[in-house]
Amino acid sequence: MKYCTNCGSPTETRIPDGDNRPRQVCTRCHTVHYVNPRIVTGAVCVWEDRILLCRRAIEPRHGKWTLPAGFMETGETIAEGALRETGEEAGARTDGNAELFAVIDVPHAEQVHVFYRAQLATPELAPGEESLDARLFAEADIPWDQIAFSTVEATLRWFLADRRAGRFIMHTGRITPPATRTTGPSPAPATHYAGDLADEGGQPAASAARPG
């Protein structure tokens, strides 16, 4: 940020009084501009034994498959945002209930990804502008090599494992960027997840690439 959104004057990077981190501070009105993590909210929506996935029509990861998800909007709850994204991206209608399932930190992208479990009210789908396609996949048909984001892959694998176990639990995890990964076998999902994370990080939250 080069200019203050309050008065338009230039900003400078410094540690404000009473703070312990560098911030962008206006040189005129002294407004402190905080850059905080943004919340991405989505849902694992099912019809019978099949899971809803959307094929992205936008960057990053154009043409890849993902759970319906996107940035939370002002004035809505996280769960409401997940169901809204489901309607916008897949034209899908749920029964209105959403159960919290996974919270995954993506600190290098300044984001937190939150996923819910939801039941579709009907199997009818109508992909929105941000989706090339929307389909219901059986477990055996999920295109694992075409999944857009590591957080989505982790959430899907947790969901399928829980379903096979006959109970669903709350999951938490963290995605680490490629530069900090160690060699050797990969640990548990979302702690150090396989896949290129370049599209999930490296930009301030205010200008981060929109996941959906």
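The values are calculated or read from the model by the stated rules, or taken from the named source; none is laboratory data. Keep in mind the model is a prediction, meaning the values are calculated, not measured. When we count neighbours, we look across all protein chains shown, and the Cβ atoms used for this are built from the backbone with ideal geometry, even at glycine.
Data table
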read-out	value
Residue selected from region 84-119 under the condition part of a loop (DSSP other than H, G, I, E, B) and either surrounded by fewer than 23 Cβ atoms within 10 Å (Cβ to Cβ) or of a type in the set (S, T, N, Q) (or both), by the criterion nearest to the chain's Cα centre (by Cα)	Glu110
Near pairs, Cβ below 6 angstrom, 6+ apart or cross-chain, from region 22-46 (of a type in the set (D, E, K, R)) to any residue that is buried (at least 19 other Cβ atoms within 10 Å of the Cβ)	Arg38/Gln111
Members of region 120-144 that are among the aliphatic types (A, V, I, L, M), in contact with a helix residue (DSSP H, G or I) (Cβ under 8 Å, 6 or more places away or on another chain) and not in a loop (DSSP other than H, G, I, E, B)	Ala134
Members of region 172-188 that are charged (D, E, K, R) and either modelled with pLDDT under 60 or loosely packed, with under 10 Cβ neighbours inside 10 Å (or both)	Arg181
Residues that are part of a helix (DSSP H, G or I) and within 14 Å of the chain's Cα centre (by Cα), drawn from region 54-83	Ile78, Ala79, Gly81, Ala82, Leu83
Filter pass, Ile169 being exposed (fewer than 11 other Cβ atoms within 10 Å of the Cβ), aliphatic (A, V, I, L, M) and outside any helix (DSSP H, G or I)	yes
Top-ranked residue in region 1-41 [being in contact with a His (Cβ under 6 Å, 6 or more places away or on another chain) and of a type in the set (A, V, I, L, M, F, W, C); ranked as surrounded by the most Cβ atoms within 10 Å (Cβ to Cβ)]	Val40
